[in-house]
Amino acid sequence: MKLQPMTLALLIGAAVLGSVVYFTEIHPSAQKADQADAGSQPLFDFAEADVQAFSVTTPLRTVSFKKTDDGSWQMVEPDPGLASEPTVAYLLNLLATGQSDRTLSVPASEWEVFGFHQPLADITVTVADGQTHTLKIGEYDFNRSSLYALRDAPDNAPQDLEELPVLLVSPDFENAVSRPLEDWKKSADESDNPTNSTDESPEPNTTESPTEANPDTPSLESTESAPEESPVE
């Protein structure tokens, strides 16, 4: 049976209209859920200057810090002393200005799937009003473009939870927390050349002059100023 062009057009139009009605009327909740989960949102609502103390726990160690009266940072443990200001600022800037571009609502039974049973780091921050915030950083997502994270999760998580609000956060957090202990301490180079960069981690200065590398090597100035000897006749 051959359909007339007009009849075929009416059938196609009815199918398209039925699809529109199905997705707008029957499944509005699914659309709203997608809209709620997508879009960038701040990780926290505090400013970097509001942070008074923080700690970072990784599989290797726990390091904790507090802000002194003059605004500098002091390592409390494991080795009390002055902290590296650029290293501290790098992490705190990520926490205060970082964004999450998506939130996934997943069953709490998938706690281990996202790496929260052996997290990359547990970060605890105390701000000026006395409130404490936490960020648990798990594994990378499937294409390693983001890290999974939980914000302000209960201490007994995942117990008594049905769902986990999993955030996707910047992979820069790995550089901010996975550091040798010495990187958290104030270095001699930092004392001579203070910096307060929050965009990238400080790099050690390995440049040295030839005379510093070999003190026996005469300088150019000394060779030029040496008197010439007249030839002996």
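The values are calculated or read from the model by the stated rules, or taken from the named source; none is laboratory data. Predicted, not measured: the structure shown is a model, and the values here were computed from it. No Cβ is skipped: glycine too gets one built from the backbone with ideal geometry, and neighbour counts run over all protein chains shown.
Things worth noting here:
- Selection status of residue 70, touching a residue at least 40 places away in the same chain (Cβ under 8 Å), surrounded by fewer than 19 Cβ atoms within 10 Å (Cβ to Cβ) and of a type in the set (Asp, Glu): no
- Residue match in region 32-48 (condition: modelled with pLDDT under 95, at positive phi and either outside any helix (DSSP H, G or I) or out of contact with any Gly (no Cβ under 9 Å at 6 or more places or on another chain) (or both)): yes
- Residues in region 44-67 that are surrounded by fewer than 20 Cβ atoms within 10 Å (Cβ to Cβ) and aliphatic (A, V, I, L, M) were compared, and the one that is nearest to residue 116 (Cα to Cα) is 60.
- Listing of strands (runs of 3 or more DSSP E) fully contained in region 100-160 that carry 1 or more residues being in contact with a Ser or Thr (Cβ under 8 Å, 6 or more places away or on another chain), crowded, with 19+ Cβ neighbours inside 10 Å and hydrophobic (A, V, I, L, M, F, W, C): 121-127, 147-151
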